[in-house]
Amino acid sequence: MVKNGKTTSAAEEAAEKHRLPDLVVFIISLVLALGLWVYVAAGETGTFEAVIADVEININNSGKRVLEQSAKTVDVTVVGKRGAVEKLTAADIGAYADASDKDTGRFTLPVTVVLPDGVSAAVKAKSVDYISVMLGEITKKTIPVQAYIANFNTDGNYELGVNEAHFSTDEITIEGAEADVEKVSKAMVRLSLGHVVDSVTATGELFLADENGNEIVNNDIILSHRTVDVEIPLYTTKFVPLAVDFLHGLYNSKNADIKVDPPRIELRGTKSDLAAIEKIVVCTIDEKREDFETRTAGFSLPQGVTSVNGINSAKVTLKHIGTSVREVVCPIQVNNPNNLSYTLASLTINITLRGDTQYLSYMSSDRITAMVDLSQLGVITGKSIAAVKISIAEPYTGYVWELGDYSVTVNIK
């Protein structure tokens, strides 16, 4: 083939045809590369806008406590180079309201936003331009803890001792603005008990209240305790007899008539406490040392139990039945296991006996033992007072007994 005055072969013509598309592809690739470079360059250096949300607003103050703050965060619109703007986070941006020249009270303050140094961006807008801030003095106060029972019911003769509740802590400390703290009179634990059948043990959350019991809601007041454990007794009443005990068991219904006035009292206490009480012993009578007609005996009650009518003493009357008193002179016997040398101030002793009249008439010195035990005196020389122990022979024991205590002077040589 002849082309441009030259003769070309078929192979040369085929190669020429392939070179033309390659050139087109190269030109297109070059254009695309230039476009991509322009796009990237424009993204890094061109203007870009983004909203950075929830930037914390700090308060620069004069040492007063921030009691209220109308907004805690601000959304910031930032414009600048894409690369710089896209790297910003809420933690990178500073937002504050300046109250350094303010005292106590409520103030409206402008919100200032600051971007990090060297960032190619600027603040275009912010969601909060001003905030309201309450500044105040901080004070502490100790207040008592009380129970507030939302609802409850009981059966029969029961009473819930709300005013006698026992708390794991009887008082707490609150801290806050002086004006707020002064309004608070007490902390109360709210309990909803429903049907109560016994004393209550529970844990409840505290709320603040004024002197009239009205709840005070103030999240700025700090409590030293948020919850307390509480025990509330459930009280009931019970009549129990008043009685006397005997030291030696010598009095009985056949030889003594003993009356207690009043014969019974009404007690107030928890169900479990009263269940354990069958009687109240007003006194213990020593039949060998006490011989009276009437005496007043004061008595105490178990802890947590009280007398409904405030009775804490009773009159005890003793009347002997079929017994009488007799004196018998007895020789003094001596137990001397250590073979001490001694003399007694008297070899006999007068003993006063009480007992059933018919048995008492048979009593003589040979049925009574009056014993001095010198083993109790050790090796001390000189005069000592030694007890004389009285024993009644069978079968009179329990029917006849001595009245009073006895002793004799012993001289150890």
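Quick notes on this structure:
- Of the strands (runs of 3 or more DSSP E) lying entirely inside segment 328-413, those carrying at least 1 residues that are under 26 Å from GLY249 (Cβ atoms) and touching a helix residue (DSSP H, G or I) at 6+ places or on another chain (Cβ under 6 Å) are 400-402.
- Some residue of segment 151-159 being surrounded by fewer than 16 Cβ atoms within 10 Å (Cβ to Cβ) and more than 30 Å from SER272 (Cα to Cα): no
- GLU215 being more than 30 Å from LYS271 (Cβ to Cβ) and either surrounded by fewer than 16 Cβ atoms within 10 Å (Cβ to Cβ) or in contact with a Leu (Cβ under 8 Å, 6 or more places away or on another chain) (or both): yes
- Wholly enclosed strands (runs of 3 or more DSSP E) of segment 116-180 bearing at least 1 residues more than 30 Å from ILE52 (Cα to Cα): 130-136, 138-154, 158-160, 171-177
- Considering GLU182, GLU164, the condition of being over 15 Å from GLU211 (Cα atoms) and surrounded by fewer than 16 Cβ atoms within 10 Å (Cβ to Cβ) is satisfied by GLU164 alone.
- Residues of segment 279-304 that are closer than 23 Å to GLY156 by Cα and modelled with pLDDT under 95: GLY304 alone.
- Selection count, segment 21-70, where residues are open to solvent by less than 60 Å² (accessible area, probe 1.4 Å) and either modelled with pLDDT of 85 or more or within 30 Å of VAL113 (Cβ to Cβ) (or both): 17
- Candidates are the residues of segment 113-149 that are more than 46 Å from the chain's Cα centre (by Cα) and among the basic types (Lys, Arg); the one that is nearest to ASN58 (Cα to Cα) is LYS126.
- When residues of segment 260-281 are limited to those that are among the β-branched types (Val, Ile, Thr) and open to solvent by 20 Å² or more (accessible area, probe 1.4 Å), the one farthest from GLU164 (Cα to Cα): VAL260
- Count of segment 234-280 residues which are under 16 Å from PRO302 (Cα atoms) and not in a strand (DSSP E or B): 9
- Residue check, THR284 among the hydroxyl-bearing types (Ser, Thr, Tyr), in a strand (DSSP E or B) and more than 30 Å from SER391 (Cβ to Cβ): no
The values are calculated or read from the model by the stated rules, or taken from the named source; none is laboratory data. All figures in this text were calculated on a predicted structure; none of them were measured in a lab. Glycine also receives a Cβ, built like all others from the backbone with ideal geometry; neighbour counts cover every protein chain displayed. When the accessible area is computed, the model is the full protein with side chains, heavy atoms only, and any ligands, DNA or RNA have been set aside. Shrake-Rupley method; radii C 1.70, N 1.55, O 1.52, S 1.80 Å.
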